[in-house]
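The values are calculated or read from the model by the stated rules, or taken from the named source; none is laboratory data. Note that the coordinates shown come from a computational prediction; the quantities given were computed from them, not determined experimentally. For neighbour counting, all protein chains shown are included, and Cβ atoms are generated from backbone atoms with ideal geometry for every residue, glycine included. With ligands, DNA and RNA removed, areas are computed over all heavy atoms of the protein, side chains included. Shrake-Rupley method; radii C 1.70, N 1.55, O 1.52, S 1.80 Å.
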Amino acid sequence: MEWLANFWATYSTLVYSIGVYALVALSIWLTLACGLLSLANAAFMGIGAYVSALLSLQAGWPFWAVLVAAGLAPAFVALIIGIPTLRLSGVYLAMATLAFGEVVRIIVLNLDITGGPEGLNGIPQSTRGWHIVAILGLAIYGLARMRRSRTGRAFEAIREDEVAASLMGIHVGRHKLFAFVLGAAMAGVAGGLNAHATFFISPREYGFENAVDILTMVVFGGIGGLVGPMVGAAILTLLPELLRFLHEFRGIFNGLVLVLVVLFLPKGIWEPRRIRALFGLGPREG
Amino acid sequence: MLCIRKLGKHFGGLTVLEDVSFDVPVGGIFGLIGPNGAGKTTVFNLITGLLRPSTGTLSFEGRDLVGLAPHQVTHLGIARTFQNIRIFKEMTLLENVMVGMHDKLGYGALGPFLNSRAFRSAEAQGRERALELLSWVRLEARAEMLADNLSYGDQRKLEFARALATQPRLLLLDEPVAGMNTAEKTVLMEEIQNISQRGFGVFLIEHDMRFVMGLCDRIVVLNFGRIIAEGSPEEVRNNPEVIEAYLGREDAEETV
Ligand SMILES: Nc1ncnc2c1ncn2[C@@H]1O[C@H](COP(=O)(O)OP(=O)(O)O)[C@@H](O)[C@H]1O
Ligand SMILES: [Mg+2]
């Protein structure tokens, strides 16, 4: 068992990262499932990370309360910015949410309380493996149940054809706002878990590059179901470690992966129907 | 009754509808015909809240429709289909129809997560009802198929079933047989008659005169955004202005 202990000592951070990014990937999946191309979730994750770190460091809140706040703070921000911006469609929403992310990054960079460019140090390492597993499990269960309810069908209808969906009696704006706010809360909790797993956070981790990374994970994995985004998060979290020599070029590599997947696997690498067909099984929804 | 009074719509300087007034009863089959570009689809878009009238009023069963969002119009009991079919292609037939039941499936937000009895029974009932609606248009055998795999004519039938799932009193059909071959047209005509006989009011747009003549109880004719005739199919067919409107256009005889 000694090797296991050694393995864990070396790689626990990496395993935590996979869990955290799986949660973030699911948060983006939720907005995409409803047809919203939002790039705000990296910033929501950052808000969750900073709010939770500050509450731990300065107010000494218990960890569970810190995590609740990590979810609520970005959800509240999402509610406020969502009302005017969610009316935008496609690439305009992407641009608006990207701009929002930059605003958040610049604010964090220039405030005293957030430690400016140096970030925050000495965050208590309260995150345990089971916290991540439990929260991720809850998210998976909740989203899987939602998909099989009228809300899930409404999201899919909105993604396919907003006008037709509204004429089915669906309040499109309210559903979009719900997906956006819930996605923000999930990303925020992931940020809180991350901050309390890594001891140190800085504005660099939640900027533009991160927003693109997260989107890459989901597009790479596939948006057809819940498994794809998590597979994408795992692979794209592991890959840079496996390809350490590429480190400087990671951004280029991610961009390349995104382009190749979009070109050759438009539904991502995890597409149940195609995988079943590969093994000669009949078509079914996954 | 759907009451349309002095309805007008312009896009910038372009006047698309002017002074349009007529009533559509909730029962029977009512037709709105006119050449391409006459403004027929615009009338539907105004009724269903996709566009706002520039002038005039719209009301359904005494309730004002102007300013309502599309989903609110649906709640009042008006459903529609589209000239260029807009089904949810990546969903199954059953899911398509169940989307139409969105507001009729009464269970709380937590139902799905707790897998509550109310949730399960509402979903089961909705599913049964959806299968029944699919059987009305003879598609129930393919309920689990993806809608994308349907032929053009069957997609139209699915769109009927999905619209009926919202439990409308009035069903607006925008050129339901456009782009169909003769066999498909005949089938769809029967489906429309069936729907009407089940007690739904039907208000349909068509630009092929021959098709509506045998189907509608009453017809309004629109040309360049104005009503030029209203009456029974007989009256409309023999109206010189209508003949003129149709013969004066290139698309008159090739409207297959
Ligand atoms: N949203 C819009 N913006 C500008 N012009 C429009 C719009 N919708 C329709 N029109 C114009 O209004 C006229 C009538 O269109 P439409 O109602 O679709 O005709 P029909 O359904 O009778 O063929 C056409 O000239 C069309 O170009
Ligand atoms: Mg039209």
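A few points about this structure:
- Unmet requirement for A:THR85, which otherwise passes all of (1) under 17 Å from the mean Cα position of the chain (by Cα); (2) surrounded by fewer than 24 Cβ atoms within 10 Å (Cβ to Cβ); (3) among the β-branched types (Val, Ile, Thr): (1)
- When region B:42-63 is limited to residues that are open to solvent by less than 30 Å² (accessible area, probe 1.4 Å) and within 13 Å of another protein chain (Cβ to nearest Cβ), the one that is farthest from the chain's Cα centre (by Cα) turns out to be B:GLY49.
- Across region B:132-143, the qualifying residues are those that are part of a helix (DSSP H, G or I) and among the small types (Gly, Ala, Ser), and the one among them that is nearest to the other protein chains (Cβ to nearest Cβ) is B:ALA141.
- Contact map, region B:5-18: first residue under 27 Å from B:ARG63 (Cβ atoms), second residue β-branched (Val, Ile, Thr) and surrounded by 15 or more Cβ atoms within 10 Å (Cβ to Cβ), Cβ cut-off under 7 Å, separation 6 or more or different chains; pairs are B:LEU7/B:VAL20; B:LYS9/B:VAL16; B:LYS9/B:THR42; B:HIS10/B:VAL16; B:VAL16/B:THR42; B:LEU17/B:THR42; B:LEU17/B:VAL43.
- Test for A:ILE235: is it at pLDDT 85 or above and open to solvent by 30 Å² or more (accessible area, probe 1.4 Å): yes
- Whichever residue in region B:224-245 is over 19 Å from B:GLY37 (Cβ atoms) and in a helix (DSSP H, G or I) and, among such residues, is least open to solvent (accessible area, probe 1.4 Å): B:VAL236
- Residue within region B:206-221 that is within 16 Å of ligand 2 (Cβ to nearest atom), open to solvent by less than 80 Å² (accessible area, probe 1.4 Å) and on the phi > 0 side of the Ramachandran plot present: no
- Cβ pairs under 7 Å, 6+ apart, first in region B:224-239 and within 14 Å of chain A (Cβ to nearest Cβ), second more than 16 Å from ligand 2 (Cβ to nearest atom) and in a strand (DSSP E or B): none
- Among the residues here, B:LEU105 does not qualify as surrounded by fewer than 22 Cβ atoms within 10 Å (Cβ to Cβ), facing chain A (nearest Cβ under 8 Å), within 16 Å of ligand 1 (Cβ to nearest atom) and farther than 30 Å from B:ASN239 by Cβ.
- Here A:VAL172 meets the list (1) closer than 16 Å to A:LEU93 by Cα; (2) within 14 Å of chain B (Cβ to nearest Cβ); (3) touching a residue at least 60 places away in the same chain (Cβ under 8 Å) almost entirely, failing just condition (3).
- Identity of the residue in region B:171-188, away from ligand 1 (no atom under 16 Å from the Cβ) and touching a helix residue (DSSP H, G or I) at 6+ places or on another chain (Cβ under 9 Å), that ends up farthest from the other protein chains (Cβ to nearest Cβ): B:ALA183
- Restricting attention to region B:144-166 and to residues that are in contact with a strand residue (DSSP E or B) (Cβ under 8 Å, 6 or more places away or on another chain) and within 13 Å of another protein chain (Cβ to nearest Cβ), the residue that is farthest from ligand 1 (Cβ to nearest atom) turns out to be B:GLU144.
- With a requirement of 2 or more residues that are under 18 Å from B:PRO176 (Cα atoms) and within 16 Å of ligand 2 (Cβ to nearest atom), the strands (runs of 3 or more DSSP E) lying completely within region B:15-131 that satisfy it span B:29-33.
- Just one of the listed residues (A:ILE214, A:ILE140, A:ILE158) is part of a helix (DSSP H, G or I), open to solvent by less than 10 Å² (accessible area, probe 1.4 Å) and at pLDDT 95 or above, namely A:ILE158.
- Comparison of A:ALA190, A:ALA185, A:ALA179 shows that the only residue that is open to solvent by 20 Å² or more (accessible area, probe 1.4 Å), of a type in the set (A, V, I, L, M) and at pLDDT 95 or above is A:ALA185.
- Candidates B:VAL73, B:VAL26, B:VAL66, B:VAL16: the one that is among the β-branched types (Val, Ile, Thr), more than 13 Å from every other protein chain (Cβ to nearest Cβ), more than 15 Å from ligand 1 (Cβ to nearest atom) and in contact with a Gly (Cβ under 8 Å, 6 or more places away or on another chain) is B:VAL26.
- Remark: pairs (first residue in region A:148-167, more than 7 Å from chain B (Cβ to nearest Cβ) and closer than 20 Å to B:THR81 by Cβ; second residue assigned to a helix (DSSP H, G or I) and among the hydroxyl-bearing types (Ser, Thr, Tyr); Cβ separation under 9 Å; 6+ apart in sequence or on different chains) = A:ILE158/A:SER166.
- Residue satisfying all of: in region A:161-173; of a type in the set (Gly, Ala, Ser) and part of a helix (DSSP H, G or I); surrounded by the most Cβ atoms within 10 Å (Cβ to Cβ) among these: A:ALA165
- Taking the listed residues B:PHE88, B:PHE82, the one that is within 16 Å of ligand 1 (Cβ to nearest atom) and either within 15 Å of the chain's Cα centre (by Cα) or open to solvent by less than 10 Å² (accessible area, probe 1.4 Å) (or both) is B:PHE82, with no other qualifying.
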